[in-house]
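Remarks on the structure that follows.
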Amino acid sequence: MKIVCFIGSGFNNMAAGIVKSQNIYTKEGIPLHEEISRLNRLWGHLDLLLSPFNNIITTKHGEELLEAVVGIQKAYNKFIGRGDDSPIDAAEFSARIKGRMQEVGEQFIKFEASGGYSYIHNALPNLGRSIQYLLKNRVENLYLCTTNYDGIIDSLFTYYCKDESKRKFILKDGFIHGRFDDWLFRKANCKIAHLHGSYRYFRDIDSTRKLDKGVANHNPVMIYDDPNCKEAAIIEDPVLSANFLELERQLKVCDKVITIGNSFKTEPHLKRLLRTHFNRPNTQLVVCSNKPSEVASVLETCYDYQISQYSTEHVKSEKDLIKLFDQLLISAGENWLATA
């Protein structure tokens, strides 16, 4: 079975809920579930740049609000981030976005350097080995595509290798000593991609590198933009464009697409790929969310067949999460609640 799996911020919220019941604290004495939730809310820092428009466009936030603001460019130039009437050009605002993204990335680096991912893995110690078993016995190819910039899903999909006395990643991201190798990436049967970038991706003059743990990143590759401009931003980056092209290839041949914690509200580029390359008979689209019917309604324009739904409200423990993946990584769909 060949699978493409999308992971969104809802997965992190689910992980935070699982960790909450374990009363785990960071070395700073902060409850781990609060730290995970805080990381998931860091994009509020970017919303501050758009705050002058919150009273005008009250129904939209984040990238949806940014999309609306782009449509009223004149007002955007006059008021955004200023207390006077001085206009701001697009380049200057882009620089402000970049600056805020760097600040967000620094918070991820701090979390990792303080052992945050180790705490998360210790809270769910059996998930990685269970995933490895399921992939080995049921899945021919898995392409996991996360729209998150953090490393939570990466750290959970690991296992301890006795022969090498260290933890190893189950999924390959194509990086070897910080450099991306497209051939090795495409060759891997089970791989992972950060479709919108990562706090550890550093854009150099002619390449994108993956920095080592704890290294400051002064030019992070993390896309936060008008949804209609995301695909163009992806194509401009050598690593993200390779990931995106591989997604197109995998959607053409995969049997099943799984989404966990994605809303797809600000992802027209991903919906386009689904509609163009996956919308065919004898395939299965499975939506996992705390509000699966809402996500299914967004994806109905991309998929002309039955959309299976699964609520994640019941996932409260590592055992529940392992059971969820056990159900997801099966070829038959009899266990799913389906909607047209």
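The values are calculated or read from the model by the stated rules, or taken from the named source; none is laboratory data. If you're wondering where the values come from, they're calculated on a predicted model, not measured in any experiment. Glycine gets a Cβ as well: all are built from the backbone with ideal geometry, and neighbour counts include every protein chain shown.
Miscellaneous remarks
- Selection of segment 299-319 for residues being part of a helix (DSSP H, G or I), within 23 Å of GLY17 (Cβ to Cβ) and under 21 Å from the mean Cα position of the chain (by Cα) yields only GLU318.
- Test: residue in segment 113-133 that is in contact with a strand residue (DSSP E or B) (Cβ under 6 Å, 6 or more places away or on another chain), among the hydrophobic types (A, V, I, L, M, F, W, C) and in the same structural domain as GLY29 (by TED's automatic domain parsing): no
- Residue within segment 246-257 that is crowded, with 22+ Cβ neighbours inside 10 Å and acidic (Asp, Glu) present: no
- Complete set of residues in segment 267-291 that are closer than 16 Å to ILE7 by Cβ and touching a Lys or Arg at 6+ places or on another chain (Cβ under 8 Å): GLU267, LEU285, VAL286
- Residues that are surrounded by fewer than 21 Cβ atoms within 10 Å (Cβ to Cβ), touching a helix residue (DSSP H, G or I) at 6+ places or on another chain (Cβ under 6 Å) and over 22 Å from VAL295 (Cα atoms), drawn from segment 5-25: LYS20, GLN22, ILE24
- Pairs where the first residue, in segment 97-115, is at positive phi and the second is outside any helix (DSSP H, G or I) and basic (Lys, Arg), C-beta under 9 Å, 6+ apart: GLY115/LYS27
- Among the residues making up segment 284-298, a single one is assigned to a loop (DSSP other than H, G, I, E, B) and of a type outside the set (S, T, N, Q): LYS291.
- Test: residue in segment 192-202 that is at pLDDT 95 or above and more than 22 Å from LEU156 (Cα to Cα): yes
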